[in-house]
Amino acid sequence: MKVFVIGAGFTGGQLARTLVAEGCNVVLIDRDAERVRQARNQLDCTVIQSDGNSLAVLEEAGIASADALVTLTEDDEINMITCSLVDAVYPKVLKIARVRNYAYYAGAAAMARQHAAAFAEGRRPLFGIDYMVNPDVEAANAICGVIEHGAVGGMVDLVGDYAIVTLSVAAGSSLDGEPVWRLASLPDWKYLVAYVESGGETTLPSGDTVLKAGDRIGVLTAKSCLPELLKLVGGAGDVPRRVVVMGAGRIGTLVLERQLAQPRASFLSALFQNGVPEREFILVDEGEARCQEAAERFKRVRVLRGDIAESELIREERLDDCDLLVAVSESYERNLVLAAYLKSRGVRKTVALSASYKFDDVARKLGVDVAVPMRATVVDSIMSHLRGRNVTSVHTVCGRNFEIVSCEVAKGARAAGRCLKDIASHGEFVLLLVRRGADGKVEVPHGNSVVQAGDQVVLVMKSGVRRILQLFGGKV
């Protein structure tokens, strides 16, 4: 697969590194000399110092034979124009643009919905862009997913009622000191351990893998069974009734907007037969204009203007007596530090927006319950589009060592019509779920399960192993 990436900033570099690790032919273009120098030293791909919005430059680099173009410059207009320019000459090239301006993003989405019938007739998409990716929207989606499941850990929603949740094994819990094979004998065990982080190493477990206190494990579970799982692992299942959001920027307001809407079925509703209890939301920001705008927009939200780090504000407003703090200011470092500080003062759960997955370990050691890496959410969204039309989602976990991939088994794929035991590759991937194309039934497969073309499968796989997705007909 040949991919052009325009923009060698942090996100562009991380995307290029991910693609190179999987054996893709990557052409990275940036006009900044220092970024180009660093990329050439760190990445095994073609790196060109030039303007990426020049069709002549792109054609000389081979855009005619490219499978995809991803524009990640700091200028939204350049990203959009570059895609439009390439689309006019090479419409078969898949085009993805990062668009930070929410008005552009929301306007294009609204227009696409309004004229869906026209685009369904085969017309090219707006601006020639197949997929727009807005970082704020991707981050808000990830954070809302965490909140809706009680901030118990990293949560990835899967097909049906299933999810993978990342939890820490508590000392003295039912799992502490147990090999994976013995878990099935536990009276309340109805889960699957998908991956294990232990002692700085990440693995796909075998039956002989012994779980220890402090290990981070990814567990496949029905969301309705999450409270019982937390008791086994030794986690807490507190319901976040009083929620404080730090930061009234785009992400903070998107999170509030979605949380104030009708709540979806989630971990919270599993704890209450009559639904999720009424929640109190408090928004804190230092900006006067932001607070005034938020107060007018969110009538059910208590808006406080001030610095959440000030002890007087914390004491007067009892901010340390909340169930959940969501730190989503523009300063990633401040999010982590203040989440840890409020946690030390009594806040029960904390979620912090961080710069990248590299801060995950720092966040855990600071006591932050969940860190949502901004740039990784963008890369994951882009990768889900690059995997091929049969791939519906990609989520990286364990410091990007593993991926959770949802895809449809393509017609003619090597896995179609074969037993799982015949295609299994220990240590490289684990097939977690299969949703049958005919009836939509979701099942946890076993060794004799047969996958068929049209089935939707969910697997956790080792990053960079190209042949795994090829088994199911996906691109790499």
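Key figures
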quantity	calculated
Percent of alpha-carbon pairs separated by more than 38 Å within the chain	28 percent
Of all DSSP beta bridges in region 353-445, antiparallel share, percent nearest 5	80 percent
Rounded to whole Hz, the Karplus (6.51, -1.76, 1.60) HN-Hα couplings of region 191-204, x for glycine and proline	10, 9, 7, 8, 7, 9, 10, 9, x, x, 10, 10, 9, 8
Fraction of antiparallel bridges per DSSP, the chain only, in percent to nearest 5	50 percent
Entries in LYS190/LYS343; LYS212/LYS365; LYS365/LYS421; LYS190/LYS358 that, when Cα-Cα distance is taken, lie over 28 Å	LYS190/LYS343; LYS365/LYS421; LYS190/LYS358
Sequence ranges 74-86, 180-192, ranked by mean other-Cβ count within 10 angstrom, highest first	74-86, 180-192
Region 1-149: C-alpha gyration tensor shape, a/c 1.5 cut-off, then a/b vs b/c	oblate
Cut-off under 5 Å, modelled amide H: who pairs with TYR195 long-range	GLY218
Whole-number accessible area per residue in Å² for the chain, which is evaluated in the context of all protein chains at 1.4 Å	44 Å²
TYR332 accessible area, 1.4 Å probe, all protein chains in place, Å² to nearest 10	50 Å²
Cα-based shape type of region 290-389, given that a ≥ b ≥ c are square roots of the gyration tensor eigenvalues and the cut on a/c is 1.5	oblate
Residue-wise HN-Hα coupling along region 157-162, computed from phi with Karplus coefficients 6.51, -1.76, 1.60 (Hz; x: Gly, Pro)	6, 10, 5, x, 9, 9
Estimated 222 nm signal from helices in the chain, with DSSP H stretches of n ≥ 4 weighted -39500 (n - 2.57), rounded to 500	-9500 deg cm²/dmol
Residues whose placed amide H lies under 5 Å from that of LYS95, excluding near-sequence neighbours	LEU69, ASP130, TYR131
Cα-derived Rg over Rh, computed across region 359-458 with Rh taken as Kirkwood radius	1.05
Tensor-based shape of region 180-257 (alpha-carbon gyration tensor, a/c under 1.5 rounded, otherwise prolate or oblate)	prolate
Net +/- balance of residues flanking SER174 in space, Cβ distance below 12 Å, scoring K and R +1, D and E -1	-2
Interchain or long-range residues, amide H under 5 Å from SER50's placed H	ASP30, ARG31
Qualifying lysines (Cα of each under 18 Å from Cα of LYS2; at least 8 residues distant if same chain)	LYS92, LYS95, LYS475
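The values are calculated or read from the model by the stated rules, or taken from the named source; none is laboratory data. Worth saying up front: this structure is predicted, and the values here are computed from it rather than measured. Quick reminder, even Gly has a Cβ in these numbers, built from the backbone with ideal geometry, and neighbours come from all protein chains shown. SASA here: full protein model, heavy atoms, side chains in, ligands and nucleic acids out. Shrake-Rupley method; radii C 1.70, N 1.55, O 1.52, S 1.80 Å.
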